[in-house]
1. Taking only pairs six or more apart or across chains, which ones have beta-carbon atoms under 8 Å, a first residue in the range 59-81 that is under 24 Å from Val183 (Cα atoms) and open to solvent by 40 Å² or more (accessible area, probe 1.4 Å), and a second residue that is modelled with pLDDT under 75 and not charged (D, E, K, R)?
2. Taking the options Glu21, Glu113, name whichever one is open to solvent by 40 Å² or more (accessible area, probe 1.4 Å), at pLDDT 90 or above, in contact with a Pro (Cβ under 8 Å, 6 or more places away or on another chain) and closer than 25 Å to Ile157 by Cα.
3. Can you tell me which residue within the range 28-58, out of those that are surrounded by fewer than 17 Cβ atoms within 10 Å (Cβ to Cβ) and of a type in the set (Gly, Ala, Ser), is modelled with the lowest pLDDT?
4. Would the range 149-167 turn up any residue that is of a type in the set (S, T, N, Q), surrounded by 12 or more Cβ atoms within 10 Å (Cβ to Cβ) and closer than 17 Å to Ser26 by Cβ?
5. How many residues does the range 175-210 hold that are open to solvent by less than 40 Å² (accessible area, probe 1.4 Å) and of a type in the set (D, E, K, R)?
Amino acid sequence: MNMSKLIFKKETHQYFLDDKELISVSRIIDNYLGFGYSHIAPEVLKNASNRGKWVHKLNELYLQNINEENIINNLLKKLKPLTNNINHSYCKKSLMFLKEKFKDKNNYEFIIEKPIADNYLIAGTPDLVYLDKNENKYYLVDYKTYACIDEDKLKRIKLQLTAYYWMIKCNQGDIDISNKTYVYLTNKNTQQEIEIEITDELILEWINAKTKYFKGEDE
């Protein structure tokens, strides 16, 4: 998954390849579904964003760090005074889940938040792609910290995972990626692994979403 010239600016959620700005997967999907956040209070959005960032960061450190107990015991303790109890609880749940899911890290390779591009037009960043060495197969994962996943959110998640799956499959020929993808959902009540199978219908819908977006750009 070598995209060395691809630059992702997290602050503005912008992608650049050879100084050309690419369109993000999120923008295409939100345009296609008419998905927006204007109905949600700014404070709620800010809290949700902070919570998601902490979970992502701790998960990243855990998967990268050989001394996993150091992440679980020490970093979590340092985190608690910096954030509220809810965020701390989310991070702890997520880390405990990863510890159980990937019991022997030697059986896996982790590609964490690696930006990918499609035909110099579209870019996105999967939260996690991991190689199961026993199967010699890659799996795609997205982290979510939604309070719940309703029908609209599920549609968006499915298209997001489909976009990443299709981009990897089309542009990274050396990777055998499974059409079984996963959402790791962390919230106040649960820690859950949700399997989403990438179907031909979902791939067609992603292609339609891209076509609609770029057709609108031309008009």
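The values are calculated or read from the model by the stated rules, or taken from the named source; none is laboratory data. No experiment lies behind these values; they were computed from the predicted model shown. Cβ placement follows ideal geometry from the backbone for every residue including glycine, while neighbour counts extend to all protein chains displayed. Surface areas here come from the heavy atoms of the whole protein model, side chains and all, with no ligands, DNA or RNA. Shrake-Rupley method; radii C 1.70, N 1.55, O 1.52, S 1.80 Å.
1. Qualifying pairs under 8 Å: Leu61/Ile71; Leu61/Leu75; Asn65/Ile71.
2. That would be Glu113, the only listed residue that is open to solvent by 40 Å² or more (accessible area, probe 1.4 Å), at pLDDT 90 or above, in contact with a Pro (Cβ under 8 Å, 6 or more places away or on another chain) and closer than 25 Å to Ile157 by Cα.
3. Ser38
4. Yes: one or more hits.
5. The total comes to 1.
Residue-by-condition table, conditions (1) within 23 Å of Met96 (Cα to Cα); (2) free of Cβ contacts under 8 Å to residues at least 60 places away in the same chain:
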residue: Ala147; (1), (2): yes, yes
residue: Asp152; (1), (2): no, no
residue: Arg156; (1), (2): no, no
residue: Leu159; (1), (2): no, no
residue: Tyr164; (1), (2): no, no
residue: Asp174; (1), (2): no, yes
residue: Tyr182; (1), (2): yes, yes
residue: Thr186; (1), (2): yes, no
residue: Asn189; (1), (2): yes, yes
